[in-house]
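Data first, discussion second: the structure below is written as structure tokens.
The values are calculated or read from the model by the stated rules, or taken from the named source; none is laboratory data. Because the structure is a prediction, the values reported are computed rather than measured. For neighbour counting, all protein chains shown are included, and Cβ atoms are generated from backbone atoms with ideal geometry for every residue, glycine included. What goes into the accessible areas is simple: the full protein's heavy atoms, side chains included, and nothing from ligands, DNA or RNA. Shrake-Rupley method; radii C 1.70, N 1.55, O 1.52, S 1.80 Å.
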Amino acid sequence: MSIAYLDGSYMPIEQAKISPMDRGFLFGDGIYEVVPSYAGKMVGFGPHIARMQNGLAAVGIKLDWSEDNWAELCNRLINENGAGNLGIYLHVSRGADSKRFHAFPDNIAPTVFAYAFEIAPPPVADKALAKAYKVSTTRDLRWERCHIKSTALLGNVLHFQHGYERGHDETLLFNANNELTEASACNAFIVKDGKVITPPLDNQLLPGITRHILLDVLRRDGSIAVEERSVSMDEVLNADEVWITSSSKEVAPVTQIDGKAVGNGEVGEVWLAAQTLYSAGKFDY
Ligand code: PLP
């Protein structure tokens, strides 16, 4: 049984109930986060909460919570739910109103919901044990505010489903200029001639915390060159390695795109070096 938090109380998840007039339900009008935690230690807690606060400010949801408030909530959920491999889901919607009307209501109290769910053990930096991901490609048809971690995820859901129906684990997304943006629930990287390249942060992609940690550990180490610049579809299809990153997957090697091998079709050496550095450094964030 999972213990959840809803608007000031902790309870078994089955007892958590929200109003159908909640704008999170009616409009997807909310912001969320997922913070990974292993044996009671969270990865990237500060950056996750900073992104949450940025998202709330960007959509004008007023919630007077400090980082300490969020830390108390996360630690309580970790203690209540067994401190194994957990994803801590945090969700703030604009709140429940008496009518369905698009404009922001005055004096509405945000709904705060959180729960913990089991996630896979963190990936180990070992080529023999690594899960090799197969992905699809498609045109990115989402909105122009993909930097906001909105709960309105139908665009992402439809893109994920595109790959899923083809037996793939994810879908790489390309804008109208055939440039890589990200994947439906991950950021994306290529490796070419030993250099790690990823699209720059802008409104077309989520500023992933795993992306941030990975770029930082690579730059601090300094042995692998890193570049943030636009990446064409052609470059993706001719890359030596392709990776997708997210809080639960960390750095995931992609070995097939639309049924065709990436590079030599094997999990790469640069991935091994990158996941090794990530595993060693992630609890510093
Ligand atoms: N891009 C999208 C669209 C996502 O939904 C996610 C994670 O959910 C990511 C990227 C990766 O972000 P993070 O590394 O913070 O988990």
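Structure notes:
- Elements of type strands (runs of 3 or more DSSP E) contained in the range 164-209, each with 3 or more residues being more than 14 Å from the ligand (Cβ to nearest atom) and touching a residue at least 24 places away in the same chain (Cβ under 8 Å): 187-192, 195-198
- Residue within the range 7-24 that is within 22 Å of the chain's Cα centre (by Cα), of a type in the set (S, T, N, Q) and not assigned by TED's automatic domain parsing to the domain that holds ASP216 present: no
- Cβ-Cβ under 6 Å pairs, at least 6 apart or on other chains, the range 38-62 side without any contact (Cβ under 8 Å) to a residue 24 or more places away in the chain, far side open to solvent by 30 Å² or more (accessible area, probe 1.4 Å) and of a type in the set (Gly, Ala, Ser): none
- The sole residue among LEU77, LEU90 that is surrounded by 13 or more Cβ atoms within 10 Å (Cβ to Cβ) and either basic (Lys, Arg) or in contact (Cβ under 8 Å) with a residue 60 or more places away in the chain (or both) is LEU77.
- Looking only at the range 50-68, and only at residues there that are assigned to a helix (DSSP H, G or I) and either hydroxyl-bearing (Ser, Thr, Tyr) or within 12 Å of the ligand (Cβ to nearest atom) (or both), the one that is farthest from GLU118 (Cα to Cα): GLY55
- Any hit, the range 266-284, residues being exposed (fewer than 13 other Cβ atoms within 10 Å of the Cβ), over 21 Å from ALA120 (Cβ atoms) and more than 23 Å from the chain's Cα centre (by Cα): no
- Residue match in the range 28-35 (condition: over 20 Å from THR210 (Cβ atoms) and assigned to a helix (DSSP H, G or I)): no
- Residue tally, condition touching a Phe, Trp or Tyr at 6+ places or on another chain (Cβ under 9 Å), open to solvent by 10 Å² or more (accessible area, probe 1.4 Å) and under 23 Å from HIS147 (Cβ atoms), over the range 30-58: 7
- Residue in the range 227-244 that is surrounded by 13 or more Cβ atoms within 10 Å (Cβ to Cβ) and within 10 Å of the ligand (Cβ to nearest atom) present: yes
- Candidates ARG145, ARG100, ARG76, ARG94, filtered to the one that is at negative phi and not assigned by TED's automatic domain parsing to the domain that holds TYR10: ARG145
- Residue selected from the range 108-158 under the condition of a type in the set (Val, Ile, Thr) and part of a loop (DSSP other than H, G, I, E, B), by the criterion farthest from the ligand (Cβ to nearest atom): ILE108
- Filter result for THR138 (in contact (Cβ under 8 Å) with a residue 12 or more places away in the chain, among the β-branched types (Val, Ile, Thr) and buried (at least 20 other Cβ atoms within 10 Å of the Cβ)): no
- Failed item, numbered, when SER223 is tested on (1) of a type in the set (Ser, Thr, Tyr); (2) outside any strand (DSSP E or B); (3) surrounded by 23 or more Cβ atoms within 10 Å (Cβ to Cβ): (3)
- Among the criteria (1) within 16 Å of the ligand (Cβ to nearest atom); (2) outside any helix (DSSP H, G or I), the one VAL267 does not fulfil is (1).
- Pairs where the first residue, in the range 242-271, is in contact (Cβ under 8 Å) with a residue 40 or more places away in the chain and the second is β-branched (Val, Ile, Thr) and open to solvent by 30 Å² or more (accessible area, probe 1.4 Å), C-beta under 8 Å, 6+ apart: SER247/VAL34; SER248/VAL34
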